[in-house]
Amino acid sequence: MSTFYILWAVSVMHFSVPMFRRAVRCWCNFHRWCLRVFVGINVETEGDKAEGAVFYAIKHESFFEALDAPANFHWPAPFAKQELFRIPFWGWGARIYGCVPVAREQGAKALRSMISAAKTLSAMDRPLVIFPEGTRIPHGERGELQAGFAGLYKLIKLPVIPVAVNSGPLYHRLLKRPGTITYKFGDPIPPGLPREEIEARVLAAINVLND
């Protein structure tokens, strides 16, 4: 079935962004269906999402929450490692969809590029999605936030909604385990807070499912 969705997406990606977006979302919903039917993994949500432009900061335990973003949010704009955009076909599709490349080695230059892209996408009422730890963190462990997160938060001036997720024990393994993956949406954090405060509040909120 994935072959069908890929052919659908590739055939429309240069002609109709809305149709391409629909193909991506349909595959992500299909992925959830496969997990539920063949593996026994259900997905539950606690807390409230926000409408329109907002900055989601999500715990990163496995590939699940990255693959699931188009099913979890309405036309999100995810931040993704620059290296992923070099993958043939996938990179083209990611740019057309509106993903934002993160080039860590470029420092301030990369931050300016990300801020420009983030402002353009948020002006379209798209939610921004970032994994502020920058890499997958094993379940139960507490990572550190990448320095660029605080810079983005300061300059794009959007409320942040931290999201905890406990996908690691079920999904981050060769043989998936049945169970329930939970997204826990925290309370919105207003823009304009000092770096130490925004980082501390986000870290606390995205780790509430560690137990």
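Data for the structure
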{"item": "Cα-only Debye scattering, the stretch 91-172: base-10 log of I(q)/I(0) at q = 0.12 Å⁻¹", "result": "-0.41"}
{"item": "Trp90 accessible area, 1.4 Å probe, all protein chains in place, Å² to nearest 10", "result": "120"}
{"item": "With all protein chains modelled, accessible area of Lys119 [1.4 Å, Å²]", "result": "100"}
{"item": "Carbon plus sulfur fraction of accessible area for the chain, probe 1.4 Å, in percent", "result": "58"}
{"item": "Trp75, Trp92, reordered so the largest accessible area comes first (probe 1.4 Å)", "result": "Trp92, Trp75"}
{"item": "Shape category assigned to the stretch 1-54 from the gyration tensor of Cα positions, a/c cut at 1.5", "result": "oblate"}
{"item": "Cross-link partners of Lys154 among lysines (Cα-Cα below 25 Å; sequence separation of 8 or more within a chain)", "result": "Lys49, Lys59, Lys81, Lys109, Lys119, Lys184"}
{"item": "Helix runs (DSSP H) in the chain reaching 20 Å along axis by Cα, Kyte-Doolittle at least -0.5", "result": "17-34, 108-122"}
{"item": "Overall form of the stretch 1-114 per C-alpha gyration tensor (a/c, 1.5; a/b vs b/c)", "result": "oblate"}
{"item": "For the chain: accessible area per residue (Å², 1.4 Å)", "result": "52"}
{"item": "Rounded to the nearest 10 Å², the accessible area of Thr180 at probe 1.4 Å", "result": "60"}
{"item": "Distance cut-off 30 Å, percentage of C-alpha pairs in the chain lying past it", "result": "20"}
{"item": "Mean separation of Cα contacts under 8 Å (6+ apart) over length of the chain, as relative contact order %", "result": "28"}
{"item": "Debye, to nearest 20: dipole size of the chain, +1 on Lys, Arg Cβ, -1 on Asp, Glu Cβ", "result": "660"}
{"item": "Förster radius 30 Å - calculated FRET efficiency between Glu83 and Val10, Cβ distance, rounded to 0.05", "result": "0.90"}
{"item": "Ranking by accessible area, most exposed first, for Met1, Met124 with a 1.4 Å probe", "result": "Met1, Met124"}
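The values are calculated or read from the model by the stated rules, or taken from the named source; none is laboratory data. Because the structure is predicted, anything quoted here is derived from the model rather than measured. With ideal geometry, Cβ positions are generated from the backbone for all residues, glycine too; neighbour counts draw on all protein chains shown. For the accessible areas, the whole protein counts, side chains as well, though only heavy atoms, and no ligand, DNA or RNA atoms are used. Shrake-Rupley method; radii C 1.70, N 1.55, O 1.52, S 1.80 Å.
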